[in-house]
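Following: one structure in structure tokens, then a few remarks.
Since every read-out is calculated from the coordinates, none of them should be taken as a lab result. For clarity, every value in this text was computed on a predicted model and none was experimentally measured. Ideal geometry is used to build each Cβ from the backbone, glycine not excepted, and the neighbour counts take in all protein chains shown.
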Amino acid sequence: MKEYVTRDETGKSLNFIEQIVRKEVAEGKNGGRVQTRFPPEPNGYLHIGHAKAICLDFGIAEKYGGTCNLRYDDTNPTREDTEYVDAIQEDIRWLGFRWEKIHYASDYFRQLFDFALSLIRRGHAYVDEQTSEQIAEQKGTPTQPGKDSPYRNRPPEESLDLFLRMNNGEFEEGRMTLRAKIDMASPNMHFRDPIIYRIIKWPHHRTGTHWKVYPMYDFAHGQSDYFEGVTHSLCTLEFEVHRPLYDYFIHLLKDGDYRPYQTEFNRLNLTYTLMSKRKLLQLVDKKLVGGWDDPRMPTLCGLRRCGYTPSSIRKFIDRIGYTKYDGTVDIALLEHTVREDLNATARRVAAVLHPVKLILTNYPEGKVERMESVNNPEDPSAGTHEIAFSRELYIERDDFMEEAPKKYFRLTPGQEVRLRCAYIVKCTGCRKNAAGEVEEVYAEYDPQTKSGMPESNRKVRGTIHWVSTAHALPAEVRLYDRLFLVENPSEEKDRELEEILNPDSLQTLTNCFVEADLAQAKPYDHFQFQRIGYFNLDPDSVGGRLVFNRTVSLKDTRSKKVNA
């Protein structure tokens with residue numbers, strides 16, 4: 001028997017799903033084809049948990065010469081909208097994936113309906129007139145068998161007639177359901193005559209009012225896979241208990257050797273993060289956030305607006321991997337990954353968030369020099385750009401202390417610092433207003449210490465950044481932090497969302513200044529604000545107004561250790 005490797009040709013370990021796929025391709029199962037699908041429900045925006053499924057579905061197909069389709073699970077018209085359909089496509093493209101075809105579960109409504117009719121005729125389904133509460137009560141418990149519905153043995157002809165009339169709109173919602181007739185004593189609760197169709201009188205975003213009955217997920221999912229030609233149906237672990245029902249319906253439907261196979265993997269759970277679309281919608285509806293694309297949201301559009309890159313998300317997903325057991329990943333690892341990604345790619349620029357004026361008293365008035373600033377020291381090919389230097393500068397307020405502790409290496413009277421890519425300066429004092437607040441800091445520069453000159457090698461303990469007051473651009477800077485105070489917000493069942501929100505998850509600074517070169521920045525461009533953190537230009541930046549969002553700080557100051 002052929003031995004199957006657990007590493008690919010590059011030496012990288014294969015996750016358990018890849019090992020399965022590689023083995024089945026080698027054995028020629030389903031003709032050796034690999035076809036996957038990503039099947040989101042268009043009832044909200046995709047979040048980073050979906051990114052894990054996207055990377056797997058599209059990545060497996062790409063790696064093994066197969067195809068991956070995008071298929072919308074649009075079987076509940078009351079919760080679906082074309083807004084979400086469009087947003088899902090945008091997010092997948094942004095992550096860097098391309099689908100083979102776009103399908104909808106609604107493409108198969110006729111085939112699913114015909115299959116349901118076939119099940120009724122063959123004695124595998126019946127119309128039940130009980131309420132949902134009665135059906136739930138009769139299901140029994142995992143240790144006690146359920147009880148048969150009084151309608152379980154009604155003649156197929158009668159169920160056929162009622163099912164057709166259900167779809168004609170003759171009955172109100174909840175009045176009747178179509179149930180599969182399987183085994184009310186099965187130890188698998190999903191086999192106890194599950195509901196496979198219910199009445200919904202709501203216009204569908206694609207089919208309008210043509211259908212009055214809609215298939216349940218367990219009935220539509222596997223059959224759609226079959227109609228579409230899927231070979232590997234990859235789902236999260238909560239669907240593992242549904243797999244026998246998936247296989248049961250496929251067995252009744254299939255004609256020939258081909259059939260799809262379902263495999264489950266662990267879903268993504270992140271600390272300080274909610275992954276429930278229902279609860280994320282509550283945040284939006286209650287206006288606790290600015291919308292689905294609020295940078296504090298775990299949605300892909302929110303992460304994009306916050307400044308996360310597609311490559312950082314894909315690297316993060318690759319790091320955490322795929323297993324058969326659930327767990328929770330520290331969000332610090334995600335932050336570490338984007339920090340690592342932006343360190344290698346983001347352009348370095350000067351920005352002052354809490355400005356105080358620094359006046360170089362011995363620098364000629366009216367003189368302007370152009371200092372050379374390195375774009376990215378991690379990437380020599382990124383080159384340099386010029387930044388204006390003048391007599392009056394803005395520096396960070398924290399970079400000056402009138403009375404400083406011993407190990408304070410920034411500006412304080414009598415102490416020298418280097419102004420980044422410029423000169424060494426020596427602080428001579430300050431001026432305060434009537435309230436005792438520092439309004440101006442004074443220093444003298446040493447003209448022999450310009451960066452690049454021989455004397456510039458003179459060592460000083462501190463280096464600070466700056467922008468020229470005459471050339472700087474005003475900017476608004478939004479400092480985003482984790483949205484929730486508690487590590488596992490999904491476990492806070494008895495508390496309202498408002499109670500566990502971090503009140504400091506957004507701080508807006510309106511009196512900031514950035515270097516003039518940023519006038520050319522475009523929305524979503526990434527930057528490192530030197531000594532501060534990583535930021536990107538928000539799409540709110542219109543009409544010359546600059547708005548920047550903090551993606552992450554330069555260093556993780558909260559976690560003791562990040563296992564990268």
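Some notes on this structure:
- The stretch 327-398: trypsin sites (Lys or Arg not before Pro) in DSSP coil with no more than 14 other Cβ atoms inside 10 Å: K367
- Spatially proximal aspartates and glutamates relative to K147 (Cα-Cα < 18 Å; intrachain offsets below 8 disregarded): D128, E129, E133, E137, D183, D193
- Per-selection Kirkwood Rh - the stretch 310-410 (Cα, Å, 1 d.p.): 17.9 Å
- Rg then Dmax, both in Å and based on the Cα atoms of the stretch 45-89: 12.4, 38.
- Solvent-free Debye calculation, one equal scatterer per alpha-carbon of the chain: log10 I(q)/I(0) at 0.05, 0.08 Å⁻¹ equals -0.32, -0.69.
- Separation of alpha-carbon centers, the stretch 488-523 and the stretch 141-175, rounded to whole Å: 51 Å
- Helix-only [θ]222 nm of the chain, DSSP H runs n ≥ 4, -39500 (n - 2.57) each, per residue, nearest 500: -7500 deg cm²/dmol
- Helix 243-253 vs. the chain, principal-axis angle (Cα, 0 to 90°, nearest 10): 50 degrees
- Rule-of-thumb Rg ratio for the stretch 25-154 [Cα; 2.2 N^0.38 Å; N residues]: 1.41
- Evaluating 6.51 cos²θ - 1.76 cosθ + 1.60 at θ = phi - 60° for every residue in the stretch 154-161, the Karplus couplings come out as 5, x, x, 4, 5, 5, 4, 4 Hz, glycine and proline recorded as x.
- Candidate lysines - alpha carbon under 21 Å from K12, same-chain residues fewer than 8 apart omitted: K2, K23, K52, K63, K315, K324
- By the compact-protein rule of thumb, 2.2 N^0.38 Å, the alpha-carbon radius of gyration of the stretch 187-315 corresponds to a ratio of 1.36.
- Across the stretch 357-362, computed HN-Hα scalar couplings (Karplus, 6.51 cos²θ - 1.76 cosθ + 1.60, θ = phi - 60°) run 7, 10, 10, 8, 5, 9 Hz from first to last residue, x flagging Gly and Pro.
- Restricting the calculation to Cα atoms, the stretch 1-71 shows an Rg/Rh of 1.04 when the hydrodynamic-style radius is the Kirkwood one.
- Among beta bridges from DSSP that stay inside the chain, the antiparallel ones total about 70%.
- Cα gyration tensor, the stretch 142-259 - rounded (a/c under 1.5), prolate or oblate: oblate
- A cut-off of 5 Å between modelled amide H atoms, ignoring neighbours fewer than 5 places along the same chain, links V467 with Y394.
- Relative to the longest principal axis of the Cα atoms of the chain, helix 217-228 runs at roughly 90 degrees.
- Rg/Rh ratio calculated on Cα atoms of the stretch 258-377 (Kirkwood radius): 1.18
- Computed over neighbours whose Cβ is under 10 Å from that of D8, the net charge equals +2, Lys and Arg +1, Asp and Glu -1.
- Taking the C-alpha atoms only, the angle from helix 109-121 to the longest principal axis of the chain is near 30 degrees.
- The GluC sites (Glu not before Pro) of the stretch 99-156 that DSSP puts in a loop, and whose beta carbon has at most 16 other beta carbons within 10 Å, are E100, E129.
- Reachable lysines from K367, criterion Cα separation under 27 angstrom, eight or more residues apart if same chain: K357, K426, K432, K450, K459
- Loop-located trypsin sites (Lys or Arg not before Pro) in the stretch 158-249 whose Cβ has at most 13 other Cβ within 10 Å (DSSP): R175
- When its C-alpha radius of gyration is set against 2.2 N^0.38 Å (N residues), the stretch 78-215 gives a value of 1.25.
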